[in-house]
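Have a look at the structure below before the remarks.
The values are calculated or read from the model by the stated rules, or taken from the named source; none is laboratory data. No experiment lies behind these values; they were computed from the predicted model shown. Cβ: placed from backbone, ideal geometry, glycine included. Neighbour counts: every protein chain shown. When the accessible area is computed, the model is the full protein with side chains, heavy atoms only, and any ligands, DNA or RNA have been set aside. Shrake-Rupley method; radii C 1.70, N 1.55, O 1.52, S 1.80 Å.
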Amino acid sequence: MDPSIKKDQHTNRDGKNVSLWQDGVKLYRAEALFIDNVYDVLVIGGGITGITTALLLQQQGKNVVLAEAKTIGFGTTGGTSAHLNTFFDATYPEIDSDFGADASKLLAQGGIEAMAFIEEMVKKYAIDCDHEYKDAYLFSQNEDESKQLDDILTSSNNAGIKVTQVDTNGVNVPFEKSILFKNQGQFHPLKYISKLAEEFVNAGGVILENTFINDIKSDDEIHIATSGDLSIKAFNMVYATHMPPGITLFNFNCAPYRSYVISVTLADDNYPDCLAYDMKEPYHYFRTHTVDGKKHLIVGGEDHKTGHDDPEKAFEELETYVRQHYKVTSVNHKWSSQYYVPADLLPFIGRLPMAANNVFAATGYNGNGMMFGTLAGKILADLIAGKQNPYAKLFSPSRIKPIAGFSEFVKENADVAYRFVTDRFSAEEIDSLKTLEKDSGAIVKYNDQKLAVYKDAEGGIHALSPVCTHAGCVVNFNASEKTWDCPCHGGRFDIDGNVLTGPPMKELKKVNLT
Ligand code: FES
């Protein structure tokens with residue numbers, strides 16, 4: 001641990017729980033050197049996508065300003081489980097079937113390129129981010145899964161990712177079949193992006209932290225983004241925020257999910273020296289990471305749609321699952337983070353459709369954010385610099401959707417529509433706010449008003465309008481992260497209504513109950 005960091009000091013993230021990465025890490029802090037001129041590029045969002053894009057463009061001679069609403073790594077990059085893979089949540093057989101075998105080859109090449117880029121950065125800038133290559137096992141536990149695994153083995157090899165069947169899965173979990181992907185990886189995501197941010201500033205880039213963009217106006221040439229009194233002008237704009245603000249195509253073809261992770265200490269030093277994944281829906285995954293000389297087994301899973309299930313139950317189930325397979329002496333960290341599932345399997349990276357000129361975005365990474373965030377940086381930098389990029393067409397947000405993705409697309413949207421209707425009617429009727437427990441929140445009907453109410457540990461009441469400022473769905477309380485999460489497009493708010501995660505741009509309205 002950095003000696004200048006006090007015990008229990010951690011960086012900030014978009015939830016109350018503290019991830020393993022936030023603990024005791026000192027992030028690069030830039031002195032703002034903002035100059036009121038027109039920048040070549042404004043990047044919004046200081047996670048792996050935004051920082052990689054900004055660094056690459058600045059190094060190519062563009063003038064780049066990066067605006068982050070809070071602090072570097074505040075969003076999903078601070079809550080990832082930081083696996084680096086050349087196989088993805090969208091499997092090669094699925095890509096073969098929906099996009100064709102050439103698309104699988106291209107995707108595999110993209111994975112290899114992103115992996116190599118991370119290694120190149122780590123070496124070039126001597127980044128102390130625990131970057132390591134590991135064997136990764138994907139294993140089946142029943143006949144159906146074994147059949148799928150056979151298909152994955154064949155399609156992965158055809159795509160150019162070498163896979164072999166093996167007789168171990170590297171973890172204490174029973175299995176039927178297992179396949180091995182060599183040269184997969186892991187790292188400490190905040191240490192990695194912190195150094196890239198520093199190099200971006202060294203190259204002349206500008207980082208503006210605590211700069212929440214609350215308005216954007218665009219004409220044919222220039223975008224003007226406003227944050228309080230600050231106006232940022234740029235010829236190109238990149239939303240590296242998962243969801244761009246406002247109503248966009250992505251609200252209809254990406255579904256927000258929460259993913260759960262815990263880090264535990266084991267009694268018997270039986271830490272896996274690999275990455276491992278089962279094939280459940282949602283799947284569980286394992287890896288080991290040593291921080292300050294202490295080993296942590298990191299286990300994730302129990303994902304569900306944002307705002308649709310009980311986060312505390314998800315953590316309980318994850319912990320029960322780990323304890324079934326390992327001798328756990330302590331749970332050190334538990335945290336959740338958000339990702340977006342694209343309707344047709346592949347991420348959306350490129351020009352934002354139906355937007356002003358020269359607006360770019362990247363989202364729909366599924367659970368492969370570190371890989372696609374890196375690849376998005378390369379793609380977006382090339383597009384903005386006017387260069388060809390081999391992956392631009394495959395990931396284009398304007399791509400025509402294959403028929404196979406359509407049913408899922410409809411299902412996600414039916415789900416959203418359902419929430420629009422039912423949310424407007426369900427609320428617990430209460431006579432007195434005294435009935436709420438401390439440190440808990442609920443949607444209640446009180447004095448004929450529907451409210452999102454959180455009672456803090458001291459008994460203070462934080463009352464808000466429960467209507468999401470994006471498109472009017474009703475938010476749900478996330479009792480684990482102490483946030484209000486919107487089930488429709490993944491907008492998230494803190495207990496005082498401030499926006500933590502877009503697409504909303506405005507806070508939830510405060511309600512004064514005195
Ligand atoms: Fe779209 Fe809340 S995020 S309605």
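Sub-8 Å Cβ pairs linking a first residue in segment 488-509 that is over 20 Å from GLU68 (Cβ atoms) to a second residue that is more than 13 Å from the ligand (Cβ to nearest atom) and among the acidic types (Asp, Glu), at least 6 apart or interchain, are ILE495/ASP456, ordered by first then second residue.
Does LYS124 qualify as being basic (Lys, Arg) and either at pLDDT below 95 or closer than 23 Å to SER396 by Cα (or both)?
For LYS124, the condition - basic (Lys, Arg) and either at pLDDT below 95 or closer than 23 Å to SER396 by Cα (or both) - is not met.
Looking only at segment 362-370, decide whether some residue is touching a strand residue (DSSP E or B) at 6+ places or on another chain (Cβ under 7 Å), more than 21 Å from ASN17 (Cβ to Cβ) and part of a strand (DSSP E or B). The answer is yes; a qualifying residue exists. Every residue in segment 199-217 that is of a type outside the set (D, E, K, R), surrounded by 18 or more Cβ atoms within 10 Å (Cβ to Cβ) and not in a loop (DSSP other than H, G, I, E, B), please. Matches in segment 199-217: PHE200, VAL201, VAL206, ILE207, LEU208, ILE216. Screening PHE252, PHE235 for residues that are assigned to a strand (DSSP E or B), in contact (Cβ under 8 Å) with a residue 24 or more places away in the chain and open to solvent by 30 Å² or more (accessible area, probe 1.4 Å) leaves exactly one candidate, PHE235. Taken over segment 105-133, the criterion of being among the hydrophobic types (A, V, I, L, M, F, W, C), in a helix (DSSP H, G or I) and open to solvent by less than 40 Å² (accessible area, probe 1.4 Å) is satisfied by LEU107, ALA108, ALA114, MET115, PHE117, ILE118, MET121, VAL122. Figure legend. Inter-residue proximity from segment 128-150: first residues closer than 18 Å to GLU281 by Cα and hydrophobic (A, V, I, L, M, F, W, C), second residues open to solvent by 40 Å² or more (accessible area, probe 1.4 Å) and in a strand (DSSP E or B), beta-carbon distance below 9 Å, spacing 6+ or different chains. Indicated pairs: PHE139/LYS177; LEU149/GLN165; LEU149/LYS177.
Listed by position, the strands (runs of 3 or more DSSP E) inside segment 257-336 whose residues that are within 22 Å of THR76 (Cβ to Cβ) and charged (D, E, K, R) number at least 2 are 294-305.
At least 1 residues being in contact with a helix residue (DSSP H, G or I) (Cβ under 6 Å, 6 or more places away or on another chain) and within 16 Å of the ligand (Cβ to nearest atom) is the threshold, and among the strands (runs of 3 or more DSSP E) wholly inside segment 450-514 those reaching it are 476-478.
Take TYR271 and decide whether it is surrounded by 15 or more Cβ atoms within 10 Å (Cβ to Cβ) and either in contact (Cβ under 8 Å) with a residue 40 or more places away in the chain or within 17 Å of the chain's Cα centre (by Cα) (or both).
Working: surrounded by 15 or more Cβ atoms within 10 Å (Cβ to Cβ): yes; either in contact (Cβ under 8 Å) with a residue 40 or more places away in the chain or within 17 Å of the chain's Cα centre (by Cα) (or both): no.
Against the criterion (surrounded by 15 or more Cβ atoms within 10 Å (Cβ to Cβ) and either in contact (Cβ under 8 Å) with a residue 40 or more places away in the chain or within 17 Å of the chain's Cα centre (by Cα) (or both)), TYR271 does not qualify.
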